[in-house]
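The values are calculated or read from the model by the stated rules, or taken from the named source; none is laboratory data. Because the structure is predicted, anything quoted here is derived from the model rather than measured. Cβ sites come from the backbone with ideal geometry, for glycine too, and all protein chains shown count toward neighbours.
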Ligand code: ADP
Ligand code: MG
């Protein structure tokens, strides 16, 4: 009986020393061993003629030894030299400190050598190649896997160990995917897959083997997520909002025309609201794409159907801004809106709470203050969270619990590519506003070096003289000795105050200030009582100051591209031309390639994809260490079409067999309960 969980020490050629080295690579069992996939391959199967060899290339040659090894000594070093030739040329081969090679090569016999070739003034040389007799293929003559390794364990050694491991399991690995899935998707079975991922015969073998592994990985992940979502949808009865309340009533009152994307998203929301399943929807849209108005229209639908709605925002200012834009339209429709933030007076608060409970408030907009226990609704039907990444799942559910399975919209400006979002938010349906309103001016974006600062400052002065306002963003709050050369808000403000004429009002803002203090400063900025706001990334969240037209970001190299894009979204909100300046403090000659991406595009989704692509060098097996994804093999960029295919399959599969009770799904069910036994925890990604 094959026991995949047996200790790796029982594998042939694995002694106590090697066990230790394998353990360092997280290889403890036979299963771990055979699932330790290569990071790359070397083709040592196709020999080249010497005259074709290019300087610096790794090649396989088949050549005859022209004599014996010639051994020389330099100090304590032994240098072994062998001259070989094929029909097209001669090559000088050298090994260092490999005295045992002395009698290995017989004059007149053919051998294979694999190594890096160099061309020294027309003389071909190869240092320390691996070799075989011509009729052997221990080290050459095939495609060789290269494993991610620590230096103590040699490639050859691990390769032998894995070969031995594979011999033990050969043909006996239990199939985890149902037969019909393999057939329909033209996938390799598990035994073939595992053998060929380590030792492909052709390079195309690797693709087939990898495809099967990726497929399986995505399938199980998607199953877990969709199953979770289905549980939620089936086990609860949601609110059916009235089919007779038409969103078009509000849409026709708006001072602008909605974009196609906004309309599409509203249709999706409308459909969900009219169904009896609780809506659980992620609304993604780049900064400035117009999510607020979508939330307002949904709130209208809820209220006119006889329910209350609530909008939760991460800051008081944002909540106030939402209230104002809601009131502008909803007042006319007789819908009563109210603001609840933590610094309202006691009296006012008591009044709000009472009216909320009696149903005299239709839409409550506010901050975390809404989460408090004494905030009780009469009949809450719709919950919207703005900038949802600022709220945990727990907070989302706390507020949802204030109604009877209310519909939920979680809004987010963090542009996660759809493929990624599907995985990260598998428990939510996703709507995307992928279009900006047509009246937007492109933000002029520059990436500059630190020594351009003076010119930049002059530019800012000019803008301020024209009545505009500016943001300056620094990575740090205070000076930090360990981070020399990284700008901080406090000293930057002090320096700027000295440099700029007195009438220019400079103030700073950062996350360690009290919330009320932050609100006061933002309010002053909004009312044009501050000209230059020096800040950390706290300004990143949704605030709208149309008169701010300049943003300068210091040490831009320290921020992620997606984050820089979010920051930039704070400007370009008015009619005037806006400018964004990324100051590269890396000291490199030219502002980095990363920053150039922001110069090229203002599309958050594109930027997020580029950001992720640039982060890891992306070895054969994808971005293993990217932090968000725990895939072993899959790379959602490379494999996005496969992901779609899998998603569809999983939807169908769960439709036919929601509890995975069919015999053919036994193995999947086992896998799921093994890995995602506690589905509740899994929800909190
Ligand atoms: P975000 O998606 O970043 O939250 P907002 O909802 O704050 O964006 O919208 C940004 C600005 O665009 C607001 O002033 C809003 O009134 C305006 N807006 C929204 N939709 C449209 C549209 N279709 N046409 C023109 N302006 C719009
Ligand atoms: Mg917003």
Item to check | Selection within segment 511-522 - without any contact (Cβ under 8 Å) to a residue 24 or more places away in the chain and in a loop (DSSP other than H, G, I, E, B) | outcome: 513, 514
Checklist entry - Filter segment 248-262 for residues that are assigned to a helix (DSSP H, G or I) and in contact (Cβ under 8 Å) with a residue 12 or more places away in the chain; which is farthest from ligand 1 (Cβ to nearest atom)? => result 249
Checklist entry - Exactly one of (1) away from ligand 2 (no atom under 16 Å from the Cβ); (2) surrounded by 15 or more Cβ atoms within 10 Å (Cβ to Cβ) is unmet by residue 326. Its number? => result (1)
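Take residue 283 and tell me if it is within 16 Å of ligand 2 (Cβ to nearest atom) and touching a helix residue (DSSP H, G or I) at 6+ places or on another chain (Cβ under 8 Å).
For residue 283, the condition - within 16 Å of ligand 2 (Cβ to nearest atom) and touching a helix residue (DSSP H, G or I) at 6+ places or on another chain (Cβ under 8 Å) - is met.
Please find, within segment 546-563, the residue that is farthest from residue 609 (Cα to Cα) out of those that are within 16 Å of ligand 1 (Cβ to nearest atom) and not in a strand (DSSP E or B). Can you show your working first?
Just the residues of segment 546-563 that are within 16 Å of ligand 1 (Cβ to nearest atom), to begin with: 546-549, 551, 562-563.
Next cut, not in a strand (DSSP E or B) only: 546-547, 562-563.
Numbers: 546: 28, 547: 30, 562: 9, 563: 13 Å.
Here the answer is 547.
Restricting to segment 304-314, give me the number of residues that are away from ligand 2 (no atom under 11 Å from the Cβ) and either under 29 Å from the mean Cα position of the chain (by Cα) or under 18 Å from residue 517 (Cα atoms) (or both). Steps first, answer last, please.
Quick first cut of segment 304-314, residues away from ligand 2 (no atom under 11 Å from the Cβ) only: 304-310, 312.
Imposing the further condition that a residue be either under 29 Å from the mean Cα position of the chain (by Cα) or under 18 Å from residue 517 (Cα atoms) (or both) reduces the set to 312.
Residues flagged as away from ligand 2 (no atom under 11 Å from the Cβ) and either under 29 Å from the mean Cα position of the chain (by Cα) or under 18 Å from residue 517 (Cα atoms) (or both) within segment 304-314 amount to 1.
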Checklist outcome for this item: Inside segment 358-400, the number of residues satisfying the requirement of being away from ligand 2 (no atom under 16 Å from the Cβ), at pLDDT below 85 and assigned to a loop (DSSP other than H, G, I, E, B) is 1
Checklist entry - Quick one: what pairs do we get from segment 499-510, first residue closer than 18 Å to residue 488 by Cα, second at pLDDT below 95 and part of a loop (DSSP other than H, G, I, E, B), C-beta under 8 Å, 6+ apart or different chains? => result 506/500; 509/536; 510/477; 510/536
Checklist entry - When you look at residue 533, is it under 30 Å from residue 597 (Cβ atoms) and either at pLDDT 95 or above or within 16 Å of ligand 2 (Cβ to nearest atom) (or both), yes or no? => result yes
Next on the checklist: Please verify whether residue 244 is in a loop (DSSP other than H, G, I, E, B), free of Cβ contacts under 8 Å to residues at least 12 places away in the same chain and either more than 27 Å from residue 398 (Cα to Cα) or more than 12 Å from ligand 1 (Cβ to nearest atom) (or both), treating the condition exactly as stated.
Outcome noted: yes
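Scan segment 273-306 for residues that are assigned to a loop (DSSP other than H, G, I, E, B), more than 16 Å from ligand 1 (Cβ to nearest atom) and either at positive phi or surrounded by 24 or more Cβ atoms within 10 Å (Cβ to Cβ) (or both) and report the count. Before you say what the answer is, go through the steps one by one.
Let us first name the residues in segment 273-306 that are assigned to a loop (DSSP other than H, G, I, E, B), namely 275-279, 286-290, 305-306.
Of the ones still in play, those that are also more than 16 Å from ligand 1 (Cβ to nearest atom) are 275-279, 305-306.
Subset that is either at positive phi or surrounded by 24 or more Cβ atoms within 10 Å (Cβ to Cβ) (or both): 279, 306.
Count: 2.
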